[in-house]
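Notes follow once the structure below has been shown.
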Amino acid sequence: MVLAYVVNGLGVGTVTAIDTKTHSVISTVNVAVNSSAIAIAPDGKLAYVLAPNSGVFVIDTKTSRVIANIITGINSTDITITPDGEFIYVTNPPASVCVIDTKTQTIIGKVTVSNSNRKGIFAIGKRVYVLNSEDGTVSVLDTKTHRLIATITTGIVPIDIKFTDGGKLAYVLNRDSPNLVVVNGETFSIIATVILSERPRFIDITPNEKTAYVTDFNNIFVLDTKTNVITGTLQIGNSPFDRPVFSPDGKLAYITNGNAVTVIDVKTHSLITTVQVGNGSRFVEFTPDGKLAYVGNAAEETVSVIDVKTHSIIATVPVANPISIAFISQ
């Protein structure tokens, strides 16, 4: 069984569990108002939901019950779990990161990073990268020692990051530079800079790691990750695009665009179709087998389920202000 865990934020404070086979709600878990992010243990047995001011709620996915609440700090903004599932890292602006041991569900340390009011955090291999949007840097933590090992000056307002080759390269978007920098994950030096004509918003990289899509408010830039050269630009409209998401086989990219999802053929970098969904789309994610895509419609308090083969909606599931999603295999 594969479950979709939908976090309902902005005044709601619940997590909705959806059976992806029947498209039905099987449980609703109470967490805290304004919950915003979720991380899943590699074995799928636990879900970690972050709520600013209320910490991390640990959910047993078999029973759909909260088994722990770990208080992390005021205005915690983002959460990530290490690939081995041993540690959770939570950002606490303006200048710290909490380290949680998943065996004991307790905080075992705090790491001081650069001063920033907004942060994003990402685990890859034995490293954790923290985006410090206010001072234009990225902090790198070692997951063995839980210590800061590097601070990289990347550009003005770093807002997103993706990795290739198990973390040997990091691609950092700088919103106000505006550019993308490629960082060597071993020396932490910048090895390439790609100038962008508009403020970038999000980046995703194909499963084969050969191509990256970078979005702004009007365009999708196609980046060849071997040469770090922009090879094409897609113009699809004036609505604010969300994060581009590639299907598990790398053949398609789905991007939310207002009340629609734009579908792109990755081989030709061309538009296939547009799927109308609900208003206020907040995310789109593929199920692990790539057969379905789930779209959160915040304004309508629903999740649209798209059949990827036909690019058509096959179900609409009522939730409550969906803000993020993760899939769990049981």
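The values are calculated or read from the model by the stated rules, or taken from the named source; none is laboratory data. Everything numeric in this text was worked out from a predicted model, so none of it was measured. Cβ atoms come from the backbone with ideal geometry, glycine included; neighbour counts cover every protein chain shown. Side chains included, ligands, DNA and RNA excluded: accessible areas come from the protein's heavy atoms. Shrake-Rupley method; radii C 1.70, N 1.55, O 1.52, S 1.80 Å.
If you check ILE100 against the conditions, is it modelled with pLDDT of 95 or more and more than 19 Å from GLN330 (Cα to Cα)? So ILE100 passes the test. Filtered by the rule that a residue be surrounded by fewer than 22 Cβ atoms within 10 Å (Cβ to Cβ) and either of a type outside the set (A, V, I, L, M) or closer than 21 Å to THR227 by Cα (or both), the range 138-154 gives ASP142, THR143, LYS144, THR145, HIS146, ARG147, THR151, THR153.
Residues considered: ILE323, ILE272, ILE314, ILE306. Of these, the only one that is open to solvent by less than 20 Å² (accessible area, probe 1.4 Å), of a type in the set (A, V, I, L, M) and either part of a strand (DSSP E or B) or more than 30 Å from GLY11 (Cβ to Cβ) (or both) is ILE306.
Taking ARG282, is it surrounded by 16 or more Cβ atoms within 10 Å (Cβ to Cβ), part of a strand (DSSP E or B) and among the basic types (Lys, Arg)? Criteria met by ARG282. The set of residues in the range 114-131 that are open to solvent by 30 Å² or more (accessible area, probe 1.4 Å) and aromatic (Phe, Trp, Tyr) contains only PHE122. Going through (1) surrounded by 22 or more Cβ atoms within 10 Å (Cβ to Cβ); (2) not in a strand (DSSP E or B) one by one, THR16 falls short only on (2).
Remark: pairs (first residue in the range 193-217, among the hydroxyl-bearing types (Ser, Thr, Tyr); second residue open to solvent by less than 10 Å² (accessible area, probe 1.4 Å) and not in a strand (DSSP E or B); Cβ separation under 9 Å; 6+ apart in sequence or on different chains) = SER197/ASP216; TYR213/THR206; TYR213/PRO244; THR215/PRO200; THR215/PRO244. Determine whether SER24 is open to solvent by 20 Å² or more (accessible area, probe 1.4 Å), hydroxyl-bearing (Ser, Thr, Tyr) and touching a strand residue (DSSP E or B) at 6+ places or on another chain (Cβ under 6 Å). So SER24 fails the test.
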